[in-house]
Amino acid sequence: MGTTYNYGSRDAKLATLAAAKTVTADETGTTFILDAAAGYTVTLPALAPGLNFKFIVGALFAGSDWTIASSEGDNINGILLVNGASVAAVGEDNVIFELGAEAIGDYVEFICDFGNTQWIVNGVGAAVASMTTTDPA
């Protein structure tokens, strides 16, 4: 699925996504490049201490949003910097890269805390409403 690049003492795991995916714990540390005109849903694995993933917009969208979803729900917390404004994520289910507002390079990172209770997020979106969070329940 992905490729690991070795740079001396540090490895970089990269993977391109062009379809829906359920991420596995074995893929921890991977940076996923979102590279499809039609957006899809990427589902994170169950919480486990230290899991971490990064998602970066690699191509502009033409059809729909990309959604990064927690498999458990109500456990995405942190801050996104969207068009220079801090947007708090509190007990969310999803982080969404919004069609029409995305920019190549927008990103979000997910890190599971050691209490195994939440995904801590941080990310940057260049434009107004380029990223949103939702808790549909």
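By DSSP, the beta bridges lying fully in the chain are antiparallel in about 60 percent of cases.
Placing pseudo-labels 7 Å out from each Cα toward the beta carbon at residue 41 and residue 14 gives an inter-label distance of 2.9 nm.
Think of each Lys and Arg Cβ as +1 and each Asp and Glu Cβ as -1; about the Cα centre, that makes the dipole of the chain roughly 360 debye. Projected onto its three principal axes, the C-alpha set of region 3-134 covers 36, 31, 26 Å, listed from the longest axis down. Sorting 61-67, 23-29 by average packing, meaning the other beta carbons within 10 Å per residue, from highest down gives 61-67, 23-29.
Every number here is computed from the coordinates shown, using simple stated rules; none is lab data. Remember, predicted model here, so these are calculated numbers, not experimental data. Note: ideal-geometry Cβ built from the backbone for every residue, glycine included; neighbour counts use all protein chains shown.
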